[in-house]
Amino acid sequence: MGRDYTPRRFDRAARSLTIEFAMHGEGHVDRWARQARVGQQVTVGGPRGSMIVPTDYAWHLLAGDTSALPAIARRLEELPSEAHALVIVEAGEPDRRMLSSSARLELQWVGSTGDLLSAVRGLSLPDGEGFAWAAGEAAAMAILRQVLLQEKHHPREAMRVAAYWKRGALAHHQNLDD
């Protein structure tokens, strides 16, 4: 059974690939991860042609739930020191962690989907060109996308919003930008 994940790191010389994913307590990946042992075989394919977001925007909004944390962490690690990163993550205390970046980082942890949406609504987006990236549960991301488009008047060409999962569904992934 195949799944899509964002690589955190790839070291060609060491032949090492680091993939991080959120464990929600049920489903195929949770069961596999709980029994996984060093030396077990896994098949990796890709890269799959994901969108490459330029790092030269003046600011970057990164928002999502715990399922988006690996991608947010990777993006923060890639941003240059000239960038400004606004990060809003819905996560309970056990999932909150240090996130580091060379960029100027403004990090806000929230406890619910409603708080995530309120935090994005309450943002004053910085001046200059920026890119908005968000991922998480399908219904929440559909609303967040509309907030960015209709309330924040952020251009659709400068955003990527993805539904990484959908309540009650298995193996859901959908880019909401189309």
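Readers should treat all values here as calculations from the given coordinates under stated rules, not as data from a laboratory. Every value quoted in this text rests on a predicted model; they were computed, and no experiment measured them. Cβ atoms come from the backbone with ideal geometry, glycine included; neighbour counts cover every protein chain shown.
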Could you put 113, 18, 43 in order, starting from the residue whose Cβ has the fewest other Cβ atoms within 10 Å? 43, 18, 113
Counting other C-beta atoms within 10 Å, which of 57, 164 has the fewest, and how do the rest follow? 57, 164
Residue exposure sequence - 141, 98, 159 - by fewest surrounding Cβ within 10 Å: 98, 159, 141
Under the Kirkwood approximation applied to all pairs of distinct alpha-carbon atoms, what is the hydrodynamic radius of region 62-115 in Å? 11.2
For region 59-175, one quarter of the surface area of the C-alpha convex hull, expressed in nm², comes to 7.0
